[in-house]
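Participant: Take this structure first; my questions come after.
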Amino acid sequence: MPEKTAPNNAYAVATLIFALLFLFSISISATQGGFVHSSAKSNLQITAIYPNTATKNELDEYVAISNFGTRSINIEGWNLTDNEGTIIFPSFSIAPDQTVYVTRTASVFVAQMSSITSKGIIPDFEYGFDSDTKVRQMQAEGSFALRNSGDEVILQDKSGGTVDVVIYGDSHYKEGNKESGWQGEPLKSPREGMVYKREGVKDTDQSEDWILLPFGASYFPPEIIHGFGEVTAFLSPDCSYTILQSELDNASSSMYINLYQFENPYLMDLVLDALDRGVNVFLLLDGNPIGGINDEELYIAAKIKARGGEVRFANDPFINHAKYVVIDRETTIIMTENWKNTGIPYNNTFGNRGWGIVIRDQAVASYFKAVFVDDFQRGEGYLQAGLETESISRDVPKSAYIPIFVPLTLNCNYTLLPVLAPDTAMSNETIRGAIDEAEESILVQQFSTSRFWADADNPFIFALIEAARRGCEVKVLLDSKYLAGTNNNDEVILWLRQVAQAENLDLEAELADLNGLGLVKIHNKGLIIDDRKVIITSLNWNANSIHNREAGVIIENAEIASFFYAAFFHDWNVSVKEGREASNLKIVWVILTLLISFAIFRVVKWYKRI
């Protein structure tokens, strides 16, 4: 019966085609309905949360949601919930690369954003009272409010499926449940005025995806810059003033200066001279330095402002501790030192040990100028009334330091990675990443560090120990000027020595001998890794610094590294030599004391016999 085979085969093929078309139609209808959210879940993310605001009743709290996909997503019927209240979205489509803002009160959000920043961000939704008819009102069920002490923020799709979750503070949201949409510890409770922001598109559902930034601040991700050009390495106190003098004198169009403190009158003169030449000067200073703004700094700020410069004071929840300058859109100067008599001394027989670098590269200058502008527009332009002095001391301190280092200027290839706190300082791509990738050696010179950050070990110091365990040679030289308290440099030195001895590691740690060196203090925050990478930042290794505005670079070039290598070992060798000599003298003195005591004992005993 072969003649029946063809019709039977045709029937089977038709049935198969019909079944495929049926399944395809189901998949299309599913894509148009509930199943779309499986792909949407990976594309829509909560990207910012602002619970602890700086306004009364916190009417400007907000949540931001971003679409990282390639198609628009209609969120009608979706909701945000904190498991105490729910706010439901009206019909709205989020376009690719679009971020929408959901705030309690739109009018307050706009007022705060415009007063603190120049960003004209208009929220897309509000869920409190209807303060702005142009902003879409969300339907509210229960009481949705971001608690300062801790809460959860959950984005759910139309069918109630979880799209994204963020938890912070004392939230106990589904603890231990791996299907909860969040893994590990909650984000730490925020300080007032700080916003949780996602680091780019990172989405591991863990706290590592997030950082805290001041309200209105942009996030600046790590950016590797491959360059060829002129680079100058320099040191304080040896040659820092001459380098800054040369660079400021050669400025022709603009200066963007970001400093924690500015008290050196001779550097002020150079800035005033630039203003007289028609250079546009923008100066950002910290508004709340430890001990307050002194009269010298207010005098300098007033003089620069009177001469036509624009001066602002940073007033973020954490301090502005950066020390950098961008000149003429192509030169960037990164330093560990403030513009004080100790940091950039007019006379180089006196001052701190600090590192600095000048980079002539438009890409580097553009990066740091963008950071400056973002910070500057949040600054406040007032000068505190009644505190300005009518004069400033021009005394030039001198001391016993013998300058031996001259600047090193190279035309060279290099790889550079900016380092910013709070943005990237704790990223595995910057300082910790460089330590973790070290293969042979790590040299560290630091002003201030601590063993413990709250109830945890200092992550930078722990990373150094781990590097030594991998076989790296590690040397750590810390400042010895400020050792009061129980969690300072001396405790770190003791900890490192104990670990090195217990595990037989190639790890040495010393306090700097300031008298032997002739320095006021070690104020550096520098590392040399594998004799080819140099890290120069304003970042002290303590728990608060990672939230400050800090700035620095990681630059990879063997010749540049060799300059700082020589400087490190100059300070190391003097400190180790003096330390050992002091230790030897102490041993000799102890032995001598024992001998004298024994002799006195014998004499007394002999006398009693008589």
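Participant: Run the simple label-point estimate for THR99 and VAL201 please: 7 Å along Cα→C-beta, distance reported in nm.
Facilitator: Label-label distance for THR99 and VAL201, simple model: 1.5 nm.
Participant: With θ taken as phi - 60° and the coefficients 6.51, -1.76 and 1.60, list the Karplus ³J(HN,Hα) couplings across the range 112-123 in order, rounded to whole Hz; mark glycine and proline as x.
Facilitator: Running phi through 6.51 cos²θ - 1.76 cosθ + 1.60 with θ = phi - 60° gives 5, 5, 6, 7, 8, 10, 9, 7, x, 7, 9, x Hz.
Participant: Here is a follow-up. Determine the gain in length on full extension of the stretch SER115-ASN57; use 0.36 nm per residue of separation and subtract their C-alpha separation, reporting nm with one decimal.
Facilitator: The span from SER115 to ASN57 would gain 19.1 nm if fully extended.
Participant: Per residue of the range 295-306, in order, report the coupling 6.51 cos²θ - 1.76 cosθ + 1.60 (Karplus, θ = phi - 60°) as ³J(HN,Hα) in whole Hz, putting x for Gly and Pro.
Facilitator: Ordered by residue, 3J(HN,Hα) equals 5, 4, 5, 5, 4, 4, 4, 5, 5, 5, 5, 5 Hz.
Participant: Which of rounded, prolate or oblate describes the range 430-570 when judged by the alpha-carbon gyration tensor and an a/c cut-off of 1.5?
Facilitator: rounded
Participant: What does the net charge come to around ILE442 if you take all other residues with beta carbon closer than 13 Å to its beta carbon, with K and R at +1 and D and E at -1?
Facilitator: Its environment carries a net charge of -4.
Participant: While we're on this one: How many nm is it between the label spots at GLU310 and GLU491, if each spot is 7 Å from the Cα in line with the beta carbon?
Facilitator: 4.4
Participant: Taking amide H positions as placed 1.01 Å from N in the peptide plane, with prolines and chain starts having none, which residues 5 or more places from SER254, or on another chain, fall under 5 Å of its amide H?
Facilitator: Those lying under 5 Å, H to H, from SER254 are ASN280, ASP328.
Participant: Can you tell me the length gained on complete extension of the stretch SER391 to LYS577, counting 0.36 nm per residue apart and subtracting the Cα distance?
Facilitator: 62.6 nm
Participant: Label points 7 Å out from Cα along the Cβ direction at GLU223 and GLU141: separation in nm?
Facilitator: Result for the modelled spin labels: 4.5 nm.
Participant: Sorted by accessible area (1.4 Å probe), largest first, how do THR133, THR242, THR332 line up?
Facilitator: From most exposed to least exposed: THR133, THR242, THR332.
Participant: Where the centre of each part is set by its Cα atoms, how far does the range 103-169 sit from the range 355-385, in angstrom?
Facilitator: Here the two parts' Cα centres lie 31 Å apart.
Participant: Something else about it: Rounded to the nearest 500, what is the 222 nm mean residue ellipticity of the chain from helices alone, with -39500 (n - 2.57) per DSSP H run of 4+ residues and division by all residues?
Facilitator: The per-residue figure over the chain is -10000 deg cm²/dmol.
Participant: Can you work out ³J(HN,Hα) from phi for every residue in the range 279-294, in order, using Karplus 6.51 cos²θ - 1.76 cosθ + 1.60 and θ = phi - 60°, giving whole Hz and x for Gly and Pro?
Facilitator: 6, 7, 10, 10, 10, 10, 10, 6, x, 9, x, 4, x, x, 7, 7
Participant: Let me ask something else. Taking only protein heavy atoms and a 1.4 Å probe, what accessible area per residue, in Å², does the range 432-547 have with all protein chains in place?
Facilitator: Using a 1.4 Å probe on heavy atoms only, each residue of the range 432-547 averages 38 Å².
Participant: Roughly how many percent of the accessible protein surface of the chain is carbon and sulfur, given a 1.4 Å probe and a whole-percent answer?
Facilitator: That share works out to 53 percent.
Participant: Could you order THR162, THR409 so the one with the most accessible surface comes first? Probe is 1.4 Å.
Facilitator: Heavy-atom accessible area, descending, gives THR409, THR162.
Participant: Rounded to the nearest 0.05, what FRET efficiency is calculated for GLU440 and GLN501 with R0 set to 25 Å and r the Cβ-Cβ distance?
Facilitator: Rounded to the nearest 0.05, the efficiency is 0.70.
Participant: For the full complex of protein chains and a 1.4 angstrom probe, list ILE211, ILE404 by accessible area with the highest value first.
Facilitator: Order by accessible area, largest first: ILE404, ILE211.
Participant: If you roll a 1.4 Å probe over the heavy atoms of the protein chains, what accessible area per residue do you get for the range 272-327, in Å²?
Facilitator: On a per-residue basis, 37 Å².
Participant: So what is the accessible area of the range 37-114 per residue, in Å², with the probe set to 1.4 Å?
Facilitator: 36
Participant: Distance from the Cα centre of the range 310-342 to that of the range 535-553, in angstrom?
Facilitator: Spelled out, the Cα-based centre of one part sits 13 Å from the other.
Participant: Moving on. Could you tell me the accessible area of SER562 in Å² (1.4 Å probe, neighbours in place), rounded to the nearest ten?
Facilitator: Near enough 60 Å² of accessible area.
Participant: For ASN548, which sequence-distant residues (separation of 5 or more, or a different chain) have an amide H within less than 5 Å of its own amide H, given hydrogens modelled in the peptide plane?
Facilitator: Amide H neighbours of ASN548: none.
Participant: May I ask you to compute the full-extension gain from ASN544 to GLN245, defined as 0.36 nm times their residue separation minus their alpha-carbon distance, rounded to one decimal in nm?
Facilitator: Full extension of this stretch gives 104.4 nm more.
Participant: Note down the accessible area of TYR173, probe 1.4 Å, to the nearest 10 Å².
Facilitator: For TYR173, the solvent-accessible surface is approximately 20 Å².
Participant: At 1.4 Å probe size, with no ligands or nucleic acids counted, give the accessible surface of GLU192 in Å², nearest ten.
Facilitator: Accessible surface of GLU192 is approximately 100 Å².
Participant: For the range 129-208, what does the equivalent ellipsoid look like in terms of its semi-axes, each the square root of 5 times an eigenvalue of the Cα gyration tensor, given largest first in whole Å?
Facilitator: Ellipsoid half-lengths, sorted descending, are 24, 17, 14 Å.
Participant: Consider the candidate values (i) 276; (ii) 319; (iii) 345; state which one is volume of the Cα convex hull per residue in Å³ computed from the structure displayed.
Facilitator: The value computed from this structure is option (i).
Participant: If you don't mind, there's one more thing I want to ask. Would you please give the FRET efficiency between ALA400 and ASP295, computed as 1/(1 + (r/R0)^6) with r the Cβ-Cβ distance and R0 = 30 Å, to the nearest 0.05?
Facilitator: 0.55
Participant: Right, here's the next one. Take peptides 437-443, 500-506, 553-559 and line them up by average Cβ neighbours within 10 Å, highest first, as a rough protection proxy.
Facilitator: 553-559, 437-443, 500-506
The values are calculated or read from the model by the stated rules, or taken from the named source; none is laboratory data. Note that the coordinates shown come from a computational prediction; the quantities given were computed from them, not determined experimentally. Here the Cβ is made from the backbone with ideal geometry for all residues, glycine too, and neighbour counts use every protein chain on show. SASA here: full protein model, heavy atoms, side chains in, ligands and nucleic acids out. Shrake-Rupley method; radii C 1.70, N 1.55, O 1.52, S 1.80 Å.
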